[in-house]
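The values are calculated or read from the model by the stated rules, or taken from the named source; none is laboratory data. Not measured: the values here are computed from a predicted model. Virtual Cβ from ideal backbone geometry, glycine too; neighbours counted across all protein chains shown. The area values use the complete protein model at the heavy-atom level, side chains included, leaving out ligands, DNA and RNA. Shrake-Rupley method; radii C 1.70, N 1.55, O 1.52, S 1.80 Å.
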Amino acid sequence: LFAAFIFFYDINMNYISHKGFGAHPHRNFEIFSYVVSGMLAHQDSIGNKEFIKRGDVQFTSAGTGIFHSEFNGSDKDWVHFLQIWIEPSADGLKPSYTTKHFSDEEKKNKLRLIVAPNVRSNIRKNLF
């Protein structure tokens, strides 16, 4: 048997000086953000509010719907982050959010698995 194919929607490389993205909705997407440098401020409609720093990976499952905002967390430095969008293998999931820090040691001169499909339940699962 073959695992389900995952539809890769988009990848963005973002540089934000002092502005950001005000509250806006997403639905039925899985969004992974990796902070390359700087600090990203995040706030969402399910009660999360935090600063995501260099080396952090943020995972948001928008599911049935979530509002969130992202801004540069610094008054003087730029934030540089990558964002990957994937369609989940099932619609209508419960929205969720989590972050995990990966040190330079964990990534230096090697690949580090961060997310992978959960074949047993046929939905995406972060491997934090």
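Key figures
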{"item": "ILE46 being within 27 Å of LEU113 (Cβ to Cβ) and open to solvent by 60 Å² or more (accessible area, probe 1.4 Å)", "result": "yes"}
{"item": "Unique match (being within 22 Å of ASP104 (Cα to Cα) and modelled with pLDDT under 90) among PHE21, PHE32, PHE51", "result": "PHE32"}
{"item": "Filter pass, PHE59 being hydrophobic (A, V, I, L, M, F, W, C), free of Cβ contacts under 8 Å to residues at least 60 places away in the same chain and under 13 Å from HIS101 (Cα atoms)", "result": "no"}
{"item": "Scan of region 59-96 for residues that are in a loop (DSSP other than H, G, I, E, B) and surrounded by 16 or more Cβ atoms within 10 Å (Cβ to Cβ), ordered by number", "result": "ALA62, GLY63, GLY73, SER74, PRO88, SER89, LEU93, PRO95"}
